[in-house]
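Worksheet: one structure, shown below.
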Amino acid sequence: MNAKTTVIPKPSIDISAIPADFLWGVSTSSYQIEGAVNEDGRAPSIWDTHCRQKGRIANGDTGDVACDHYHRYLEDIALMKSLGVKAYRFSTAWPRLLPRGRGAANEPGLAFYDRLIDATLEAGIEPWLCLYHWDLPQALGDLGGWTNRDIAGWFADYAALIARRYGDRVKRFATFNEPSVSTIFGYALGWNAPGVADRSAYFKAAHHLNLAHGAAIDVLRDHVPGALLGAVHNRQQVYPSTDTPEDIQAAALLDAHWNLVFPDPQRFAAYPALVARDFEPYVQAGDMARICRPLDWLGLNHYSPIYAKTDPASQLGFAWGSAPTSMQQTGIGWPIHPDAFREELIETSRRYGLPVYVTENGCGSNDAPNAEGAILDEQRVHYLDAYTKALGEALKAGADVRGYFVWSLLDNFEWGAGYGNRFGLVHVDFTTQKRTPKSSAHWYAGLIRATG
Ligand code: FCB
């Protein structure tokens, strides 16, 4: 890569802390980049439906075209190769592979991921396949989605299809991306698809998702020799906004739901004590053993800590508070706190006793090209530099972290925020689909060269 327009600072991370086989990567997800929502037999997902509801997404944006990655994947893989990344985490779109969610598979959809996986491998990049990054087939949404206990079996069948088709070439699988976000925002707060705000719907959805995780792990283990299996969790320290007992209690609740309700049962066969009773009505005999299956790694997504406040009117009793005004924030207003990242890495590694991969970290802003067409995203460079420095400190402190994936390769469809929040190392002009590496892409390529 040529860094032609700006001076790219040297990475601050202590290079001696990085093991030689440390995996540098980038992450994306199907609905956020693929587009082609009506092509080659793909059926709608709950996100297609959600985007069509007025007022749900900023600017009325949708994932209909997104980055047109479905047609431009070769260009995108070439971009990854030029960065020097060693691994690529993507997700498969369930409604592209099984348009009705179950039953007949869609051959053109299967063939798309064949091409993507083959080209990734040919570029010398390891494919990391995530089975679920929130785009549930609408046909299953119509049957209650995650609130329907049968979904554990539907998900296991989907996992079997993936294992049989791609298991000869893909060994790294994640069952779910950020289950706490998809269930809390999707079923308790109503912000994300399917837009439900109902306390019992959330508890059902969360428990059934955990059952689906365990069932899929068994299927993948049985079908893919040498499979390395995990799940991706967002974990962030939760601080009370004030020191009132109500805000302290709200922070404890948010912490339990956000950070523990998925990885704890998946690893320890138990819901966190603070909320375990709320799950009891939905837990049947044998469920906890079905959820807790042997795992090989844990994916950690982390951007910033959370500030919580009490909200008796909300379904779960908490709401997001504001960070102290003294704390720096990214362009989209997320607190910048690399020390919290270091502590989270140490704590996640210690608590779960699995090799940790940072499967997402990155900086959102609304960067635009300058008069020369360059995107000088200094804030993202500083953010990534500070966070990778903290990663080096965590490694030195003994955290078992094996890799780090930037969110994201490309600017993309950022859920409720539409195209206004850009997280890419590579800028996308959504009118022309032109890709332009930003300063941060050059910086990341330099970091990989220096440590690799
Ligand atoms: C995470 C999501 C990912 C992206 C980033 C910014 O919560 O997993 O899809 O939206 O945040």
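Things to note:
- Full extension of the chain between D218 and T242 yields a length gain of 4.2 nm, computed as 0.36 nm times the residue separation minus the alpha carbon distance.
- Sulfur and carbon atoms: percent of accessible area, the chain [1.4 Å]: 51
- Placing +1 on the Cβ of every Lys and Arg and -1 on the Cβ of every Asp and Glu, with no other charges, gives the chain a dipole of roughly 560 debye about its Cα centre.
- Within the shell defined by Cβ-Cβ distances under 13 Å, the residues around D377 carry a net charge of -1, with Lys and Arg each +1 and Asp and Glu each -1.
- Screening the chain for whole DSSP H helices of 30 Å or more along their axis (Cα) with average Kyte-Doolittle hydropathy at least -0.5 returns 199-223.
- For the chain, the residue among L395, L116, H337 whose Cα projects farthest onto the positive side of the dipole built from Cβ charges is L116.
- Of all aspartates and glutamates in the structure, those lying under 20 Å Cα to Cα from K434, and not within fewer than 8 positions of it along the same chain, are E34, D61, D64, D68, E75, D76, D367, E372, D377, D411, E414.
- Inter-centroid distance (Cα atoms) of the stretch 315-343 relative to the stretch 193-259, Å: 19
- Ligands, DNA and RNA aside, T325 has an accessible area near 140 Å² when probed at 1.4 Å.
- Per residue accessible area of the stretch 1-77, 1.4 Å probe, in Å²: 47
- Inter-site label distance for T432 and R149 at 7 Å from Cα along Cβ, in nm: 5.7
- Share, in percent, of DSSP beta bridges within the chain that are antiparallel, nearest 5: 20
- Label-point separation, W191 to A368 (7 Å along Cα→Cβ), nm: 2.6
- Alpha-carbon centroids, the stretch 2-74 and the stretch 359-396: separation in whole Å: 16
- For the stretch 15-450, the extents of the C-alpha atoms along the principal axes are 59, 54, 46 Å, listed from largest to smallest.
- Computed helical MRE - 222 nm, the chain, DSSP H runs ≥ 4 contributing -39500 (n - 2.57), nearest 500: -11000 deg cm²/dmol
The values are calculated or read from the model by the stated rules, or taken from the named source; none is laboratory data. Computed from a prediction, not measured in an experiment: that's the story for all the values here. All Cβ positions, glycine included, derive from the backbone under ideal geometry; neighbour counts span all protein chains shown. Surface areas here come from the heavy atoms of the whole protein model, side chains and all, with no ligands, DNA or RNA. Shrake-Rupley method; radii C 1.70, N 1.55, O 1.52, S 1.80 Å.
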